[in-house]
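Derivation of every value follows stated rules applied to the coordinates shown; laboratory data play no part. Computed from a predicted structure; not experimentally measured. Backbone-built Cβ (ideal geometry, glycine too); neighbour counts: all protein chains shown.
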Amino acid sequence: MERDITGRAEDVQATLFGVTSGGRPPLEHANVPSSTRAAITSATESMRVSGGGAPGAMEVNTGAIVSAIGALSRVNEQTGDALLGTTAADAEVAAWSMTGHPLLVAAAASAAVSKAALIAAQARLTLIHVQLASAKQHYDMVEASVGSLFGPRILTMPGWNLSGSATRGLRTALDEFGTAVKRADITTPAELASKVRITSFGVMVAGGGPEGTNAVIRGVGLDDVLDSTLQTPMPSAFMSGTRAYGELGGQPGDGFTLGQYARVWAENLLTGIGETEAQVGTEEAALQAELGGSWPVVRTAINGLSGKPGFTWLTPYSTGRSLSPAERLLYPFVHGHAVRPKAKETMTGITRKNAAEHGIVGLAERPLPGGINFDGAAPATVAGTAAVLKDAKNIVQDRENSTVMVQKTTDGSGRRAFSVVLTGTEVWHDGQGIHDIAGIVEGMRVQPHDALNELPPAQRAVLEALRDAGIQPGDSVVLTGHSLGGIDAAGLATNKEFQRLYSVKALTTFGAPVGGFEFPQDTSVMAVEHHDDLVPPLDGVKNPDGKNRSTVRVDTQYNGQYSNVGSLSGVAAHDMYTYTLGAQGISNSGHAAVEKHERALRSAVPAGSQANTETYIYAATEEHIVHNPEDR
């Protein structure tokens, strides 16, 4: 594959953010109200944080309960043995007491009292045992899985892995409903009947939202269902011989989830179809899928009858690549998303002279929702990282946004840091840009020890922008990304060579499946997710919690209405407009884990009146290998 870099990037800060570019207008959209205070407040109120080493989240360790249950079981068994062992002696003493001898009568009475005491003690132990077992089951249900009620065997079956995500969604819904009822001042059954109704968005409580708005409670969201399903563990005994198991790096005894296997299978399906189309063409691949296993013989007959120029050369199939049975079955549904082999990659540095040619626009054409402010400086808050992501997505108008952005900030003392901004998927097919379905496949396949020149194109474009911006070994870097951009940002943060060169201080992702990435302990990581966002669960791995790693989940009220992509739950919740509102609510929350992450951002990124920000942008395009019958 040919690679071409056409020109270095130059500082375009003035072009994007200078006064000559025009002031930033408010966002005007039918689904986005002029005042977003209610949405921001709802995000703050619904926020749930796990990890980050901050207090506030209750965690129950049932190990002590299990140990106590085991100890009680052993004592109970010993008590039962004692009762059983003394039964014969007690019977003999009772028989001798029938003689009327005072000592024997006293001995029999004493034995009876002792036996009654042992029986009572065993009863109490049994009751405590049952209570502890009930408590453990309760905690397991609340903190880990409502599915624990069904038993461990059923939990391993596909579709029955009702993990903590479903419990979390239910608990959040109940909390939100209680808050909404209180805010709406519902005190009678009649008021409940008049103010609460079911809508397409969920349960609506009139007047139960912030700023006098209506509250919408979604309950267990689509993301919770997807989480529960994709995180189902698959027995390694059945999967260890599969190709997917090997590609996941499975060693004897390793286990993976349904989502991890599904991801690898989907990647292979899309790349396999793309390779076939590159070799035989889309028409021939479709014919192969239609005719199934007997297609070469039948096709030869069809070729002789069709007279179609595109088919005349297609006699024996000899390319060495044919569709598998699964590819044939799914070809009609997924061929438009096939990942095709690349012939050439081109990266172009943006300058003031070529900015307009590449569709780069100024502030006047990059609105943000009301209540969200971003002045072009490198972000040092969660709200700022979301705003810069949305801003980066808007810098290119009327075309696929295949750009990456790096901001270099330097203070008066010469201290500097580099902020990397990576936007999400633009098209769900293998297009000419790099933010497409091929980028997702490449981003999820990266490994920590990959060489920098073999990383996905978006990540290599970042490296070019960093070099043009003048980065030096040891300089501080913060990364932020939305969706696919979050995957790419995580790939850079976990790359060993990148870590050796630069100091990765912080990573913030929005709506990105990053549970499978293992980050350095000294990097502050925060993953922001909306409750109904369908994208974060797609990796099939729960986000690990750690001292420097946290996940923040928010539910921005009416996320379908605040989105510019419609009201479909799971799609609107993934939109970056919605995430900018949620992120503002997160920054407003004052939560300890949020403040800790923002301290890491502020300590890395110079700020203040003496700080100077420069912006470097690369645009990237791809050319694909195209089948040409004349080559036959």
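Coupling constants for segment 98-114 follow from the phi torsions by the Karplus curve (6.51 cos²θ - 1.76 cosθ + 1.60, θ = phi - 60°), and in residue order they are 5, 6, x, 5, x, 5, 5, 5, 5, 5, 5, 5, 5, 4, 5, 5, 4 Hz; glycine and proline get x.
For segment 353-413, state which GluC sites (Glu not before Pro) are in a DSSP loop and have at most 10 other beta carbons lying within 10 Å of their beta carbon. Those that pass, being in a loop and sparsely packed, number zero. Annotation: amide H-H contacts under 5 Å for residue 342 (H modelled 1.01 Å from N, sequence separation of 5 or more, or interchain): 625. Backbone amide hydrogens, once placed in the peptide plane, bring residue 524 within less than 5 Å of 506, 507, excluding anything fewer than 5 places away on its chain. In order along segment 608-620, the phi-based Karplus estimate (6.51 cos²θ - 1.76 cosθ + 1.60, θ = phi - 60°) of 3J(HN,Hα) comes to x, 5, 8, 7, 10, 10, 10, 10, 10, 10, 10, 9, 9 Hz; Gly and Pro are listed as x. Going from the residue with the fewest nearby Cβ atoms within 10 Å to the one with the most, 24, 549, 37 rank 37, 24, 549. The H on the amide N of residue 5, modeled in the peptide plane, is under 5 Å from the matching H of 347, each at least 5 residues off or on a different chain. A convex hull fitted to the Cα coordinates of segment 423-508 yields 83 cubic angstrom per residue.
Computed from phi, the 3J(HN,Hα) profile of segment 333-339 under the Karplus parametrisation 6.51, -1.76, 1.60 (θ = phi - 60°) reads 8, 10, 5, x, 10, 4, 9 Hz, with x in place of Gly and Pro. Partners of residue 195 within straight-line reach, counting lysines whose Cα lies under 18 Å from its Cα and excluding those fewer than 8 residues away in the same chain: 182.
Residues with beta-carbon under 13 Å from that of residue 384, excluding residue 384: net charge, scoring Lys, Arg +1 and Asp, Glu -1? Once all neighbours under 13 Å are counted, the net charge is -1.
Applying 1/(1 + (r/R0)^6) with R0 = 60 Å to the Cβ-Cβ distance of residue 343 and residue 188, what FRET efficiency is obtained, to the nearest 0.05? Intermediate results must be reported in sequence, preceding the final value.
Details: r = 71 Å, r/R0 = 1.18.
The value I calculate is 0.25.
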